[in-house]
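The values are calculated or read from the model by the stated rules, or taken from the named source; none is laboratory data. Keep in mind it's a predicted model, so treat the numbers as computed, not measured. For neighbour counting, all protein chains shown are included, and Cβ atoms are generated from backbone atoms with ideal geometry for every residue, glycine included.
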Amino acid sequence: MAEILPTLTRGDLCDVTFANYSDLFNRPGSQGQSAEEFDEHAVTVMTELLDAVLEELSEQFPMENRSQEALVVRDARFQLDAVVEQRQTQGLGAIGRRLVGITTTMLRLPGVRRSAQWMNGQALFFQLAQVGRYLDRRSKKAKVGEAVRARVLDGLDHARPLVVVSHSLGTAVAYEALHEYEGTVSLWVTLGSPLALGAVVLDRLVPRPAVCPENVAAWLNFWDRDDVVAGRPHLAKWISPNSDGVKAVTERVDSSGIWTHTATKYLEHAAVARPVIEALQP
């Protein structure tokens, strides 16, 4: 592998494109985001997403262990159940504030609290909320997802084989974009993917029922047991293979440190980086 790295970093081996679409989630003229701006649809998606994340966390930190982490998850679950039960009697602004309270509680988990990625519960809340905004299919709202996929596909050469490395929300974007892409994808890698978070993501994808894109020749999915965003390794079971029999091949990685969701944490593993480099060789 060492002899391949210089040609990769110099750009001799391939062209590298990074699709940055974060600006597309900023509302024009907005001076900041507020949970009180959420409508009924956004609240529904966010409630379902938090429910799925807390379900994953409860598997990692079962209550019978009586650990500090398990107590935090139980506290967040209690708050979410209260929001669901009292939803009809509250205004959307109040619900939004209470959902931010749940993500603030989640920051008490040691690995999340000490991460510089999310400085407060509102920052975590709005990063999770991007999933719902991307998957919103209602008329003008759907234009966000369309613009994101266009940004991803822009400038790609259909005549050349493509290797795709996608992370977090980007795995849902890649799923839909690759179904639109007309070229060959020699390898698709998904890292920290929420694709397997049940109905909240999987059942909102297009096309559905979910199926591996036809042009994908190999799909590798990596997840870390301490990644609060990634679903358990259900992709091979819940997303059907394409007509060539290609489906997700899932492998668990165990990262060191206090926060394991970042793409760089995943790419530090040889098991993740090696197949990408091998796929790029002529």
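Of note:
- Checking the stated criteria, residue 187 turns out to be touching a residue at least 60 places away in the same chain (Cβ under 8 Å) and closer than 15 Å to residue 241 by Cα.
- Exactly one residue out of 53, 45, 73, 83 is modelled with pLDDT of 90 or more and within 21 Å of the chain's Cα centre (by Cα): that is 73.
- Among residues that are out of contact with any strand residue (DSSP E or B) (no Cβ under 7 Å at 6 or more places or on another chain), of a type in the set (A, V, I, L, M, F, W, C) and at pLDDT 85 or above, residue 129 is not included.
- Remark: pairs (first residue in the stretch 214-228, within 30 Å of residue 62 (Cβ to Cβ) and modelled with pLDDT under 95; second residue crowded, with 19+ Cβ neighbours inside 10 Å and among the charged types (D, E, K, R); Cβ separation under 7 Å; 6+ apart in sequence or on different chains) = 228/56.
- When the stretch 152-185 is filtered for residues that are surrounded by fewer than 17 Cβ atoms within 10 Å (Cβ to Cβ) and not aliphatic (A, V, I, L, M), the ones remaining, listed by number, are 154, 155, 157, 158, 160, 161, 180, 182, 183, 184.
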